[in-house]
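Since the structure comes first, as structure tokens, the remarks are kept for the end.
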Amino acid sequence: MVPRYARAEMTAIWSPEARFAIWFEIEAHATDALAQLGVVPQSAATALWRWWETRPVIDVAAIDAIEAVTKHDVIAFLTWVAEQVGDEARFMHQGMTSSDMLDTCLAVQLARAADLLIADIDALLTVLKRRAVEHRLTPTIGRSHGIHAEPVTFGLKLAQAHAEFARNRDRLVAARADIATCAISGAVGTFANIDPRVEAHVAAKLGLAVEPISTQVIPRDRHAMFFATLGVIASSIERLAVEIRHLQRTEVLEAEEYFSPGQKGSSAMPHKRNPVLTENLTGLARMVRGYVTPALENVALWHERDISHSSVERYVGPDATITLDFALARLTGVIDKLLVYPARMQRNLDRMGGLVHSQRVLLALTQAGLSREASYAIVQRNAMKVWESDGALSLRDLLHADPEVTAALSESEIDEKFDLGYHYRYIDAIFDRVFGPDA
């Protein structure tokens, strides 16, 4: 985890103190259930919770010192708790294995991280909707292959992003449900030394579902899907970031990241205003996607378990969620303060002498009786003259002067094909699909 790209609330989920607190809750809830089943004395569960209610400071350094000797983190933790609680602590961990605690804890952490990420997406969706509605009818040029295609609106660009992140929210909600399972099934998952009712009790207390069948670990296909979902969300972040980066290029300059008072763009060139935030988002997206492959490779463990997944998850759990949390918040800020230049959009839209209306002329000629091949050749012949003049010539003027065109279309029919509003006649219908009729 890099502090530069971390926010406090998400980072706190992955702190040693938070992890050990979840470990304790798992053990104490399990001891409660064992006491209810008569496997351990009730006094053991009471002693654990009585100590916990004193709000003890978890001494991470002391636990680490024990682990330096035992070379086992769970035993180190249990040993330290026993030193604090006393003799009744010997009933902790009855019939459990380390993975029961480790995997259930990871499920809690990932579920809590998912809740923060869902809230992040909600904040982004709110901003995207507001800016999309604001620019619902702001004309701009749509581009394919980076080349002028046909008119769109800037609001449509943002509405598309809103729809994409709404899908990502649904994916993340599903991934959260999939990852939030509890396994307290003992060595190799047979419940030989612990009653399944203990697992059900712990799961209920922690807001988790019961893992239907575990080995000695929760199956890692769940984790693979979770991190793959984070990777998809990161790619959506990059998609929107790259769009903004392109729009901020000097020769385009249709939109721009907010440039705050006192901000500097270059140590050498005082005029520079660079898209540094969205470039940063592109890099962060690469990092989040980079965690997906190790998570996929964790699925294939040996037999009932090995620990090849463990070191991977110590990285990818905190780093992927912390990085994505930061990236979503940064993107929300970028969209919220994005500078939009409608006049420049219109100027770019008009720059190529009306070429963006070529398809309407093509269709009109075919409807007037010409073959598609002949219609295409006529329009392209005139369009290339405009293209080669770098927009100095007008497609409309050339069409008016082309006898093959005027033989098929009147002046008013030609002019009508250059109506910008025609391209926007279904904007409301699209917005209804994305936001509902109230937008």
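The values are calculated or read from the model by the stated rules, or taken from the named source; none is laboratory data. Note that this is a predicted model, so its numbers are computed, not measured. Counting neighbours? That spans all protein chains shown, and the Cβs are built from the backbone with ideal geometry, glycine included. For accessibility, only protein heavy atoms count, side chains too; no ligands or nucleic acids. Shrake-Rupley method; radii C 1.70, N 1.55, O 1.52, S 1.80 Å.
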Of all residues in region 257-290 being of a type in the set (A, V, I, L, M, F, W, C) and part of a loop (DSSP other than H, G, I, E, B), which is least open to solvent (accessible area, probe 1.4 Å)?
-> 259
Select, from 22, 63, 58, the only residue that is outside any helix (DSSP H, G or I) and crowded, with 17+ Cβ neighbours inside 10 Å.
-> 58
Applying the selection to region 354-379, what residues are in contact (Cβ under 8 Å) with a residue 60 or more places away in the chain and assigned to a loop (DSSP other than H, G, I, E, B)?
-> 354
Within region 354-373, which residues are open to solvent by 40 Å² or more (accessible area, probe 1.4 Å) and either among the aliphatic types (A, V, I, L, M) or in contact with a strand residue (DSSP E or B) (Cβ under 8 Å, 6 or more places away or on another chain) (or both)?
-> 359, 363, 368, 370
Qualifying positions in region 36-88 - small (Gly, Ala, Ser) and closer than 20 Å to residue 16 by Cα = 61, 62, 65, 68, 76, 82
Quick one: residue 51 ticks every box in (1) assigned to a loop (DSSP other than H, G, I, E, B); (2) open to solvent by less than 50 Å² (accessible area, probe 1.4 Å); (3) at pLDDT 95 or above bar one, so which box is it?
-> (1)
If the Cβ limit is 7 Å and pairs must be 6+ apart or interchain, which residue in region 26-45 that is within 20 Å of residue 182 (Cα to Cα) and in contact (Cβ under 8 Å) with a residue 60 or more places away in the chain pairs with which residue that is open to solvent by 30 Å² or more (accessible area, probe 1.4 Å) and part of a loop (DSSP other than H, G, I, E, B)?
-> 27/93; 34/94; 37/195
Considering each residue of region 175-190, count those that are open to solvent by 10 Å² or more (accessible area, probe 1.4 Å) and either among the hydrophobic types (A, V, I, L, M, F, W, C) or without any contact (Cβ under 8 Å) to a residue 12 or more places away in the chain (or both), and give that number.
-> 4
Give the residues of region 136-161 that are open to solvent by 10 Å² or more (accessible area, probe 1.4 Å), small (Gly, Ala, Ser) and either in contact (Cβ under 8 Å) with a residue 40 or more places away in the chain or not in a strand (DSSP E or B) (or both), sorted by residue number.
-> 146, 149
Of the conditions (1) in contact with a helix residue (DSSP H, G or I) (Cβ under 6 Å, 6 or more places away or on another chain); (2) under 30 Å from residue 439 (Cβ atoms); (3) not polar (S, T, N, Q), the single one that residue 166 does not satisfy is (1)
Go through 293, 332 for me and flag whichever is under 30 Å from residue 155 (Cβ atoms), of a type in the set (Val, Ile, Thr) and either open to solvent by 70 Å² or more (accessible area, probe 1.4 Å) or part of a helix (DSSP H, G or I) (or both).
-> 332
Restricting attention to region 68-90, and to residues there that are more than 23 Å from residue 46 (Cβ to Cβ) and in a loop (DSSP other than H, G, I, E, B), which single residue is most open to solvent (accessible area, probe 1.4 Å)?
-> 71
Identify, please: which residue in region 110-121 is open to solvent by 10 Å² or more (accessible area, probe 1.4 Å) and touching a Lys or Arg at 6+ places or on another chain (Cβ under 8 Å) and is, among those, farthest from residue 204 (Cα to Cα)?
-> 118
